[in-house]
Structure formats: structure tokens, C-alpha cells
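Where a number appears in this text, it was derived from the coordinates with a stated rule and is not lab data. Keep in mind that what you see is a predicted model, and the values were worked out from it rather than measured. Cβ atoms come from the backbone with ideal geometry, glycine included; neighbour counts cover every protein chain shown.
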Amino acid sequence: MAEKNKNIVDALNKYLQGVYMAIDTFNHYLSLAEEDETKKILMNIYMYYKESAILVIDRITDLNGENKDDTGFIGKATEVFTNIKDSFTIKGDDNLMTNAYNSVQTGIQMGNKFLDENTLDPISKRLILTDLKNQDELLNTFPTRIPYKK
């Protein structure tokens, strides 16, 4: 693999780790949901992130690279801490949906920061830009009753 492609693959793997963290987060949120409407919204977001991971993995494969298949140590440690914290702090589906909404917003912010900090080829950059646009559209799927919704 050419050095340029290696750098792009390394960057895409960093992005992929963030997508894996989103998958883990929304899987956790699904386990906390009580109402069917909440479960449906969270499942759609969870499935979106799964599909997003596949697209990034496909791009890594196109570049003859190997994808990482987990969030890494820091991601797992953060996940464990967050799951414990959430079990004490998230009370009810409205609160859960507010946390989920904030998680999507944070993912978008981190994705934009990723784009600022990494040099990608045009195809990979377009993939990430499209993913971030789609994540922004996910925000519209949240019920308007949740606090902090724009």
C-alpha cells in the first residue's frame, strides 16, 4: 500500500472508531428505552451507524487497507464508565432521548474536527461529508418534546 493510502486508511480507521462508539452508545440507549416510539427512533439511529460503518469499511478496503474492528481501549473504558453513569442519571425516555440527541450532536462535532485535522483523498472526504450531513438529518428524527432540541 502506498504511503499516501496508508495515511488515509489510518485516518479512516480513526473515524471508524468513532462510528463504533456511536454504535455501542445507541445499543446501550436501546437497552434503557421504555416506550416503543423511543425504541423505534433509537433503533433507526443504531442501524444508521451500522450502515455508516460498512461504508467506511468498504472505503478502507478500496484503498487496500485493513479496518479496525472495535473502539479501542480508550473507547471501551469510556463506554463502561458511561454505561454506569447512565444507569444512575438517565431517568425516563425524554431524558434518554435528550442524551441521545446530544450524542448525535457530539458525533457531528467530532466528525467536523476529524475533517479539519486529517487530509483525505476526494472520495474519502466526500464519504465523511455525506455521513456528517446524514447525521445532521438524524437530529430531525427526535421528538420535539425533548429538552434542548433546536
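In summary, the convex hull built on the alpha carbon positions of region 1-45 has an orientation-averaged projected area of 3.5 nm². Applied to region 109-117, the Karplus parametrisation 6.51 cos²θ - 1.76 cosθ + 1.60 on θ = phi - 60° returns per-residue 3J(HN,Hα) values of 4, 5, x, 5, 5, 4, 4, 5, 9 Hz, with x for Gly and Pro.
So, by mean Cβ neighbours within 10 angstrom, what's the order for 41-52, 130-141 with the highest one leading? The partial results should precede the final answer.
On the way: 41-52: 19.1, 130-141: 14.7.
Averaged packing, sorted descending, gives the order 41-52, 130-141.
Each of the peptides 110-119, 60-69, 91-100, 15-24 was scored by the mean count of other Cβ atoms within 10 Å over its residues; in descending order, highest first, they stand as 15-24, 91-100, 60-69, 110-119.
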